[in-house]
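The values are calculated or read from the model by the stated rules, or taken from the named source; none is laboratory data. In this text the structure is predicted, and so the values were computed from the model without any measurement. Here Cβ is always computed from backbone atoms with ideal geometry, including for glycine, and neighbour counts include all displayed protein chains.
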Amino acid sequence: MNVNKKMLKKMNLQLFGQTFDPDNVTMYEHKDGTIPEKYNTLILKEIMNGSKVMQLAKYEEMDGKEKKFEYFAKGPGAYWVGEGEKIQTSKPRWMTVTMVAKKLGVIVPCSREFLHYKMSDFFEQMRSKIAEAFYKKFDEAAILNIENPFPQSVEASALIAGNLISGGITYDNILAMEDALNDEDYDANAFISTKKNRSTLRNVHKIENGVIVESLYDRGANTIDGLPVADLKGLDKGILYAGDFDYMYYGIPFGMSYKVDESAQLSTLKNADGSPVNLFEQELAALRVTMDVAFMIVKDEAFVKLESKSIIGSDKLTIQAQGQTLYGKRVSSLIGSDVKVYEDGTVTGTFKHVTGYTGFSSNQDEQEGYYFPFKLTKTGTNMEFKKNGEKSSGEIPWEADNVFRVTKGDTFEVLVDKESVVTFNFAQATFEK
């Protein structure tokens, strides 16, 4: 027998592996690692309670960075059966998708005195700040498409699907949001709004003969047309989202890890004078916490956006009727009836791929592509066009009916007698292949 073991046995001593106890360790002694399970759970609970995405979406369990799962796309059918006929069979339709987690990190500055706290006390003090930083960043990405590492967001999905309603929060526009989803065979089950919209929502009524016959907003229950509302702080006034959130998923595969630093210069955090925070010079510490989180939307068509932007005034321009012919092509062969132009020049709607547009140009290279017809109602003597900021026409005699050959990345400014009327941009338009 080993001499040391003999000695221990003789002294009746035993060796035990130390158990990590956050109540007995200060942050100075343990500046990095994984957040203790108890506080990891508490922080996650606050994140899930604070995040609008996590309140509305379906949770999918994950044990790694990627998760393949099936979602229910279509149910089995039923059939009328004649006497003696064979009953048809059908299967539910399931679609397989892969959801990938991305690493999300936050930096929370704190006083150096915090590092003398026991770990349990430190994370008890900091958990709300950590949770708020996480859920704000996650919601900004997954809903508003801000610094978004995921392939989808509610904002992007609504625009990709062409589900954009404009003109502000009104009774008819809210119903139009729900109709846009119903037309694609989806049912809205929630709205995303902001408290800044509440004063407007309280005045959303159906009025007949000067009498309010229906109100869509219930202030006490915070519902719109009977559906729950999730209020997002970062959302601009005048914007609403609605959707069937059964087609939105998220997952959290791992626990959170942390690291404390006392010497870094934080480029993303600024002092009042605009200079970056220097932890060493200002006797501060910073807690960096990271977590992995996944997000996925499986049906773009299940989401719709309402915005406050107004359609451009008819005193500036209009879109010609679908049956009108311009340079040998009917307007309906160039664009869909859903094309709209807003005050800021944003163009939405469907552009059709056109070939053989010989009336537009004698140059064969310009006879194929996407074309934007519009009727200029701002009158004058001369007009001028600038494509992507550069003059493309010089001054030419004014005329009402015009057609531009465009791409998604183009901007076109229209000037009448050297005065700017509108600058078109097509980033939110749909270009058919």
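Only one of these is of a type in the set (Asp, Glu), in contact with a helix residue (DSSP H, G or I) (Cβ under 9 Å, 6 or more places away or on another chain) and over 30 Å from Gly64 (Cα atoms): Asp236, Asp246. Name it.
After applying the criteria, what remains is Asp236.
Could you count how many residues in the range 371-385 are of a type in the set (Val, Ile, Thr) and out of contact with any Leu (no Cβ under 7 Å at 6 or more places or on another chain)?
2
If I filter the range 290-300 for residues that are in contact with an Asp or Glu (Cβ under 6 Å, 6 or more places away or on another chain), in the same structural domain as Ile252 (by TED's automatic domain parsing), crowded, with 18+ Cβ neighbours inside 10 Å and not charged (D, E, K, R), do I get at least one hit?
No, every residue in the range 290-300 fails to be in contact with an Asp or Glu (Cβ under 6 Å, 6 or more places away or on another chain), in the same structural domain as Ile252 (by TED's automatic domain parsing), crowded, with 18+ Cβ neighbours inside 10 Å and not charged (D, E, K, R).
Can you spot a residue in the range 141-161 that is surrounded by fewer than 17 Cβ atoms within 10 Å (Cβ to Cβ), part of a helix (DSSP H, G or I) and modelled with pLDDT of 85 or more?
So far as the range 141-161 goes, yes, one or more of its residues are surrounded by fewer than 17 Cβ atoms within 10 Å (Cβ to Cβ), part of a helix (DSSP H, G or I) and modelled with pLDDT of 85 or more.
Among the charged types (D, E, K, R) and in a strand (DSSP E or B) - does that describe any residue in the range 191-207?
Yes: one or more hits.
Working only within the range 391-406, note down all residues that are outside any strand (DSSP E or B) and polar (S, T, N, Q).
Ser392, Ser393 - these are the residues of the range 391-406 that are outside any strand (DSSP E or B) and polar (S, T, N, Q).
Across the range 362-384, what is the total count of residues that are more than 30 Å from Asn163 (Cβ to Cβ) and free of Cβ contacts under 8 Å to residues at least 24 places away in the same chain?
Number of matching residues: 5.
Return the residues of the range 191-229 that are at positive phi and surrounded by 15 or more Cβ atoms within 10 Å (Cβ to Cβ); say none if nothing qualifies.
Hits for the range 191-229 are Asn222, Asp225.
Pairs needed: first member in the range 180-192, outside the structural domain of Gly349 (by TED's automatic domain parsing) and over 15 Å from Leu56 (Cβ atoms); second member anywhere, assigned to a strand (DSSP E or B) and of a type in the set (A, V, I, L, M); C-beta distance under 9 Å; at least 6 residues apart or different chains.
Matching pairs, first to second residue: Ala180/Leu164; Ala180/Ile165; Ala180/Ala242; Ala180/Val304.
Quick check on the range 109-124: of everything there that is under 25 Å from Pro276 (Cβ atoms) and in a helix (DSSP H, G or I), which residue is modelled with the highest pLDDT?
Phe122
Only one of Val347, Val339, Val331, Val354 is under 15 Å from Thr430 (Cα atoms) and either at pLDDT 95 or above or small (Gly, Ala, Ser) (or both); which?
Val354
Which residues, taken from the range 127-140, are buried (at least 21 other Cβ atoms within 10 Å of the Cβ) and of a type in the set (A, V, I, L, M, F, W, C)?
Ile130, Ala131, Phe134, Phe138
Counting residues that are among the hydrophobic types (A, V, I, L, M, F, W, C) and under 30 Å from Phe134 (Cβ atoms), which strands (runs of 3 or more DSSP E) fully inside the range 286-390 reach at least 1?
Qualifying strands (runs of 3 or more DSSP E): 303-307.
Given (1) among the charged types (D, E, K, R); (2) farther than 15 Å from Ser308 by Cβ; (3) part of a helix (DSSP H, G or I), where does Asp185 come up short, assuming only one miss?
Against the list (1) among the charged types (D, E, K, R); (2) farther than 15 Å from Ser308 by Cβ; (3) part of a helix (DSSP H, G or I), Asp185 comes up short only on (3).
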